[in-house]
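A.B. asks: Before we start, here is the structure in question, set down as structure tokens.
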Amino acid sequence: MTIYLNALGMICSLGDTHAGIRQRLFAGDSGLHASERFLSAGLARTVGAISLADEALPEVSHLPLRERSRNNRLALAALERIRPQVDALIARFGPDRIGVVLGTSTSGIAEGEAAFRHYVAHGQFPSHFHYGQQELGSPAVALATTLGISGPAYVHSSACSSSAKAMASAARLINMGLCNAVISGGVDTLCDFTIAGFAALDSVSTERCNPLSLNRHGINIGEGAALFLMTSEPATVALCGWGESSDAHHISAPDPDGKGAALAITQALQRAAIAPEQIDYINLHGTATLQNDAMESKAIHQLFGAATPVSSTKSFTGHTLGAASAIEAGLCWLSMQDDNPTGLLPPHLWDGQPDPALPALNVVRVGQALGRPPRHVLSNSFAFGGSNAALIFGRS
């Protein structure tokens, strides 16, 4: 059974509308900026923050206290953009036939940080804090409660591959006949915990990240949400294939030979029943860390050679962690629509200085186009612990 991506609601540092995100993406206009909220040695961290003020995000007063977090408000904001289509399917199939499968890595950690600061200052937690706000399954519960649905609702949390795995799980739910439709994607929000954690690993750049460059030295953390409405009813873009693997190599470093990455990509190609040369564009995981870019370049060159256009879009959005796969899938989805008739590709923002130690790849320039919308697109996601996922999208 073919699984289609019927609608997309997305918010990231590039904007909160399809037109706005697409315009900035193809123009090479990064959404990253220095934020005084996150300082390191007196320097502002470069992050991919959404431009919407918290006051503009949906209210959560209809939810139990344990589900009230900024992370869930951002998920609800993405839901608002596809709510009419979702409501129509609930009315058509019934609330028990609609599922929710999401990816996140932060959930309500920011609420926990604020609560502990309050505790240090006042000796007690604030009344608006509930420990459950940090529970990783909270975003799925919040969406299901808001929609009044009772189908499967759960969250994957496998770091940077979370929402790719969520989308693969959503496809399986539909293929098994357990759901007629699934809302799937990911959401993550900026917080001190994740930035401090990656900084402790010496993996955070104070400047805009520089994937594949000789001068790359780390990631920028971002935030955002992307939700797809997935069904078996035909639409412009389908999820044609997916692959998942585990390196079991190191708690944070990838297998330097890229074997697990290549395995996940190969599985996705096999499931999609296409050859590597049929891929028109590859959205790299492309974190701009030394080890990830080296491993991924090796895997891509091994499977595709040096001809297939590639780019990392993390220099536009930042690394949105558990939401990264879904947001990058969203950028691919926007590139594959009919309103991109010349087939403009997401460009690769960097300093243009390739690392001679990496295999040469065909890096997309700003304004580069295929002359038609892409037919098949691969998007990679490689996480801590060697949790790898690859998604292939195709135009129907």
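A.B. asks: Check A275, A253 and return the single one that is free of Cβ contacts under 8 Å to residues at least 24 places away in the same chain and either surrounded by fewer than 19 Cβ atoms within 10 Å (Cβ to Cβ) or over 29 Å from T46 (Cβ atoms) (or both).
C.D. replies: Only one candidate passes the filter, namely A275.
For (1) assigned to a helix (DSSP H, G or I); (2) surrounded by fewer than 24 Cβ atoms within 10 Å (Cβ to Cβ); (3) at pLDDT 95 or above, each residue gets a yes or a no:
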{"residue": "H285", "(1), (2), (3)": "no, no, yes"}
{"residue": "F316", "(1), (2), (3)": "yes, no, yes"}
{"residue": "L334", "(1), (2), (3)": "yes, yes, yes"}
{"residue": "P347", "(1), (2), (3)": "no, yes, yes"}
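A.B. asks: Within segment 41-87, work out how many residues are loosely packed, with under 14 Cβ neighbours inside 10 Å, part of a helix (DSSP H, G or I) and of a type in the set (G, A, S).
C.D. replies: Residues meeting the conditions: 1.
A.B. asks: Consider segment 168-216. How many of its residues are among the aromatic types (F, W, Y) and in contact with a strand residue (DSSP E or B) (Cβ under 9 Å, 6 or more places away or on another chain)?
C.D. replies: Of the residues in that region, 1 qualify.
A.B. asks: Among the candidates D202, D280, D192, single out the residue that is acidic (D, E) and at pLDDT 95 or above.
C.D. replies: D280
A.B. asks: Given (1) surrounded by fewer than 24 Cβ atoms within 10 Å (Cβ to Cβ); (2) closer than 23 Å to S69 by Cα, where does G94 come up short, assuming only one miss?
C.D. replies: (2)
A.B. asks: May I ask you to list the residues in segment 162-209 that are more than 20 Å from A323 (Cβ to Cβ) and either buried (at least 24 other Cβ atoms within 10 Å of the Cβ) or β-branched (V, I, T) (or both)?
C.D. replies: Result: I174, C179, A181, T206.
A.B. asks: Looking at the structure I just gave you, is R81 at pLDDT 95 or above, under 25 Å from A181 (Cα atoms) and within 19 Å of the chain's Cα centre (by Cα)?
C.D. replies: Considered against the rule, which asks whether it is at pLDDT 95 or above, under 25 Å from A181 (Cα atoms) and within 19 Å of the chain's Cα centre (by Cα), R81 comes out as yes.
The values are calculated or read from the model by the stated rules, or taken from the named source; none is laboratory data. Just so you know, these numbers come straight off a predicted model, no measurement behind them. So basically every Cβ, Gly included, is an ideal-geometry build from the backbone, and we count neighbours across all protein chains shown.
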